[in-house]
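The values are calculated or read from the model by the stated rules, or taken from the named source; none is laboratory data. Owing to the predicted nature of the structure, the values given are computational and were not obtained by experimental measurement. FYI the Cβ positions are ideal-geometry reconstructions off the backbone, even for glycines, and counts take in every protein chain you see. All accessible areas refer to the heavy atoms of the entire protein, side chains included, with ligands and DNA or RNA removed. Shrake-Rupley method; radii C 1.70, N 1.55, O 1.52, S 1.80 Å.
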Amino acid sequence: MNADNFAVTPLGRTALDFSGRDRTLRTVSRVLVVAASLAIGASIVYATGGTGYAYPYIILLPVILTAAWFGLVPTVLSAVIAGLLLGPYMPQDVGRGLMQSPQNWLARISFFVLIAVFTSWLFHSLRTSNQRHLRDLQVDRETGLPNQAALREDLHRVLSAGRSRQPVSGTPAVILVRLQDLWEVMEAMGAQTADKVVRSLADQISVAIPREHHVYRFSTSELLLLFFGASREEVDSVANAVRSAGENEAEIDGIPLRVQLVAGSYFVETGVIAPDSVVNRARTALYAAIDSNGFYRSYDPMFDQKTAERVRLISSVRKGLRENEFSLFYQPKICLKSGRHMGGEGLLRWFSSDGSMVLPGLFMPKLENTTLIDPVTRFVIRKACEDIKQHDLLRVSINFSAKNLMDSALVQSLGRIVSLYGVEPEKLEIEITEGALIRDPAHAKVAVESLRNQGFLVSLDDFGTGYSSFQYLAHLPLSGLKIDRAFVSSLNESSHARTVLSSMIRMAHALNLHVTVEGVETEEQHQIVLEYGADTAQGFYYAKPLPVPDYINWKCGPNVDTVSS
Ligand code: C2E
Ligand code: CA
Ligand code: CA
């Protein structure tokens, strides 16, 4: 990458000279101030009696001002003018009409020039060290990219230019890119490696964007692309290039690494808008991309409303957790061969302060991409362990969201957590969804392996609704498969559905997977799944999810007919 792309004040070096007129005005007024001070200085010297008295050096003030505002040549020039003003025509003693000798005023001019050279050098050094300091403040030390401070300054300039006149065609725009799992790289391989990943991504992006636009490191795991003027097509195509960059594995210290990216963009509309709001809107679009499980979204005012809802939901869930409004219901699972109760699935229920029960479908999908999923899952783990211990429950299955599975800290410590409650890992089964596997297959595999090594059973939930193939499943150390209820609901009507279900069960068995069929609602469906050889069934036909007291008193009903009985 061209290091030039990352100059600290990029706007100063581009064709976008927004402040040319302001600069000329400032220069003219400074020249006038210097000229006026020279005239005033000379007048004071004359009025106070001439160069033989106390004030001749007052005329050095405009020389010092020139050094502060301009370079060496103008300063020397102003020193010579000052020397001449106090030169041949300025008396040494006005009262006595005594003139100076040429040596006298020539020596003064030389002295003034010396002062001019010295003060110019002094101000030049001060300016350079100040600029260096400013540059240090605006550069991310770890990657050498311009940082948030540089962005703030550039955005401010872009926005104020937009208010007066448009310097380039198109609209100013930003794309915020987040490296979703950078912290995991950081945990596993250290901050330096994570910084290299960021730099390598920035390098790839900067190849894809036109030179006049810039890439900033906005935060540890976020890059921001600033377009001084661009069309929607241009920005969308850069977003596509970012996506491709994310799909490439970067070789860092000899190790191929890939991080998951998500991005949001915002086109700066006309009207007054603060730099912070520009970034916030791009962030809102980024959240919308996360919500829709996508890679990229462009800001839409509708998102703000959704964000507000999300913030409200998060705060009420947080309050719900604090005030014990959550509880775990259990839905029994039946061993089809023996007809016996062989465990249950723990399903979250929220009894909100108005007494109504909220089903997880209403809040879990919105929570899954927030950090709150962690305390919610930890609550489920704790409650399941407490209930297992207190009521001597049979095996309990709990649901892990994609984010939980990617949370190495949670995955690796699960064995330790359950042992704190005195629960054996075999007593717990973790249900994961296909979505979690698809997002990052390599990482998901490591997580599943870790859970299995700690002694937990791991089942793939909602099988058939996603994209997993059996070939893919063969490479995962799963213990079981839960066939989604969509395959069960159509069993009665369609022979095609029956063929699909029976082949699914056979193939899963061929892979040594324990097969659970969910959503069994009728006697007929029960008979079919029994006939096809599924191992376990779950559904309203046997029982709905039950609160703990009902669950522990629940007995397999007489309507459960089995092969063996
Ligand atoms: P899931 O894991 O597939 O759970 C099964 C869902 O199907 C439950 O809905 C259950 O009540 C429902 N169900 C069971 N048998 C039948 C049936 O015969 N017919 C029909 N129509 N439905 C049946 P629920 O409890 O509303 O949970 C919905 C989803 O919310 C769950 O789907 C799961 O994805 C999620 N969820 C629930 N609890 C948790 C949790 O603790 N953590 C996470 N991450 N997700 C959870
Ligand atoms: Ca489940
Ligand atoms: Ca399911």
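Being β-branched (Val, Ile, Thr), crowded, with 16+ Cβ neighbours inside 10 Å and touching a Gly at 6+ places or on another chain (Cβ under 9 Å), is that true of even one residue in the range 119-138?
No, the range 119-138 has no match at all.
So, in the range 506-533, exactly how many residues are assigned to a helix (DSSP H, G or I), open to solvent by less than 40 Å² (accessible area, probe 1.4 Å) and more than 16 Å from ligand 3 (Cβ to nearest atom)?
3
Scan (1) in contact with a strand residue (DSSP E or B) (Cβ under 6 Å, 6 or more places away or on another chain); (2) assigned to a helix (DSSP H, G or I) for the single condition residue 130 breaks and write down its number.
Every listed condition holds for residue 130 apart from (1).
Looking for whichever is within 10 Å of ligand 1 (Cβ to nearest atom) and small (Gly, Ala, Ser) here; the options are 356, 397. Which one fits?
Checking each option against the conditions leaves just 397.
Quick one: in the range 471-496, of everything that is part of a helix (DSSP H, G or I) and more than 16 Å from residue 432 (Cα to Cα), which residue is least open to solvent (accessible area, probe 1.4 Å)?
Among those residues, the one meeting the criterion is 488.
Looking at the range 376-387, is at least one residue crowded, with 17+ Cβ neighbours inside 10 Å, modelled with pLDDT of 95 or more, touching an Asp or Glu at 6+ places or on another chain (Cβ under 9 Å) and part of a helix (DSSP H, G or I)?
Yes, some residue in the range 376-387 is crowded, with 17+ Cβ neighbours inside 10 Å, modelled with pLDDT of 95 or more, touching an Asp or Glu at 6+ places or on another chain (Cβ under 9 Å) and part of a helix (DSSP H, G or I).
Mind checking which residues of the range 389-407 are in a helix (DSSP H, G or I) and either without any contact (Cβ under 8 Å) to a residue 40 or more places away in the chain or open to solvent by 10 Å² or more (accessible area, probe 1.4 Å) (or both)?
Correct list: 389, 390, 391, 402, 403, 404, 406.
I'm trying to understand the selection: among the residues of the range 40-56, which are under 60 Å from the mean Cα position of the chain (by Cα) and without any contact (Cβ under 8 Å) to a residue 12 or more places away in the chain?
40
For the range 319-335: of the residues being within 16 Å of ligand 1 (Cβ to nearest atom) and in a helix (DSSP H, G or I), which is surrounded by the most Cβ atoms within 10 Å (Cβ to Cβ)?
Step by step, filter the range 319-335, then rank; the result is 320.
Listed residues 466, 415, 480, 455; which is touching a helix residue (DSSP H, G or I) at 6+ places or on another chain (Cβ under 7 Å) and within 16 Å of ligand 2 (Cβ to nearest atom)?
After ruling out the rest, the residue left standing is 466.
Condition (residue is within 16 Å of ligand 3 (Cβ to nearest atom), modelled with pLDDT of 95 or more, open to solvent by 20 Å² or more (accessible area, probe 1.4 Å) and not charged (D, E, K, R)) applied to the range 457-465: is it met by at least one residue?
Yes: the range 457-465 contains one or more residues that are within 16 Å of ligand 3 (Cβ to nearest atom), modelled with pLDDT of 95 or more, open to solvent by 20 Å² or more (accessible area, probe 1.4 Å) and not charged (D, E, K, R).
Conditions first: (1) out of contact with any strand residue (DSSP E or B) (no Cβ under 7 Å at 6 or more places or on another chain); (2) under 30 Å from residue 423 (Cβ atoms). Residue 495 passes all but one, so which condition is the exception?
(2)
Return the pairs, sorted by first residue and then second, in which the second residue is of a type in the set (Gly, Ala, Ser) and open to solvent by 40 Å² or more (accessible area, probe 1.4 Å), the first residue lies in the range 490-513 and is within 10 Å of residue 470 (Cβ to Cβ), the beta carbons are less than 7 Å apart, and the residues are 6+ apart or on different chains.
As it stands, the answer is 511/474, since those pairs meet every condition given.
Going by the structure shown, is residue 400 over 25 Å from residue 425 (Cα atoms) and of a type in the set (Phe, Trp, Tyr)?
no
Collect the residues in the range 58-86 that are over 60 Å from the mean Cα position of the chain (by Cα) and open to solvent by 60 Å² or more (accessible area, probe 1.4 Å), keeping them in residue-number order.
Within the range 58-86, 84, 85 meet the criteria.
Quick one: count up the residues across the range 346-375 that are modelled with pLDDT of 95 or more and open to solvent by less than 10 Å² (accessible area, probe 1.4 Å).
So the count comes out to 1.
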